[in-house]
Amino acid sequence: MAKQRRATKAKRTVRGKRKAKTGRAVSPPAPRPSPQEEAAREAKLARHREAISTYEHGLGALQIRDFASAGIAFRSVIEEFHDEHELHDRSRVHLRVCERQTMPLTPGPTTIEELVYAATIALNNAAQDESLRHLQQAVSQDAEAEQAHYMLAIVYAQAECPDLAISHLERAVELEPENRTVARQEPDFKSLREDQRVQKLLKPPVQKRRRGHRPAR
């Protein structure tokens, strides 16, 4: 009986040894990086810290509305730190803001001709308010600017303000009689032509026939 127990125990020991042999092998420790690899890793970390510092400098300048300095910083992040893709996306957004703020303003129209031209362009683009603003500025500079009065008549006609349109049309014809001929063909005055004031205004003036001199007898 004792021999049988020892035999069973021996079998269990053998099985345990077999299980230990079939277990997962322990992986060897990872090799330590070489001095060159360690130096490259440190250099990469230093560049990353420099990129973050440059980006934060741009944010600081942006907060105090120093758009020129901020733009330089954000552009530097994009152009000099090629591996910082996440910072690139943020820097591009901020850079567009800086570029809009530092863009030189285009001088607006100042002379009567420039104001009337700007008003015409605005009206063609369906920007009636902008057109009206230019024309009112032109009239304030020169109350006898017949082109501005004529254009104001068109703007008010389109805006369905017949009284104002007729008032400026009368002034335009008074200052320049040739506007009467032009107004007859103006499609924007179609809604005004049934008004008696406009009919009278656009009616061709009666030319008086000159009497010839009688020959002397």
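For region 133-162, the set of residues classified as surrounded by fewer than 23 Cβ atoms within 10 Å (Cβ to Cβ) and under 15 Å from Gly108 (Cβ atoms) consists of Arg133, Gln136, Gln137, Ser140, Gln141, listed by residue number. Of the listed requirements (1) among the polar types (S, T, N, Q); (2) within 30 Å of Pro107 (Cα to Cα); (3) more than 38 Å from the chain's Cα centre (by Cα), Gln196 misses just one: (2). Residue selection: Val198 fails the criterion of being surrounded by 14 or more Cβ atoms within 10 Å (Cβ to Cβ), among the β-branched types (Val, Ile, Thr) and under 17 Å from Tyr117 (Cβ atoms). If I filter region 125-146 for residues that are under 17 Å from Leu201 (Cα atoms) and of a type outside the set (Phe, Trp, Tyr), do I get at least one hit? Scanning region 125-146 turns up at least one residue that is under 17 Å from Leu201 (Cα atoms) and of a type outside the set (Phe, Trp, Tyr). If you filter region 175-190 down to residues that are without any contact (Cβ under 8 Å) to a residue 24 or more places away in the chain and part of a helix (DSSP H, G or I), you find that the one that is surrounded by the most Cβ atoms within 10 Å (Cβ to Cβ) is Arg184.
Would region 138-160 turn up any residue that is within 32 Å of the chain's Cα centre (by Cα) and over 22 Å from Phe189 (Cβ atoms)? The answer is yes, given that some residue of region 138-160 is within 32 Å of the chain's Cα centre (by Cα) and over 22 Å from Phe189 (Cβ atoms). Checking Glu99, Glu79, Glu146, Glu84 one by one, the residue that is under 30 Å from Val173 (Cα atoms) and among the charged types (D, E, K, R) is Glu146 and no other.
Every number in this text was worked out from the coordinates using simple rules, so none of it is lab data. This structure is a prediction, so every number in the text was calculated from the model and none was measured. Don't worry about glycine lacking a Cβ; one is built from the backbone with ideal geometry, like all the others, and counts go over all protein chains shown.
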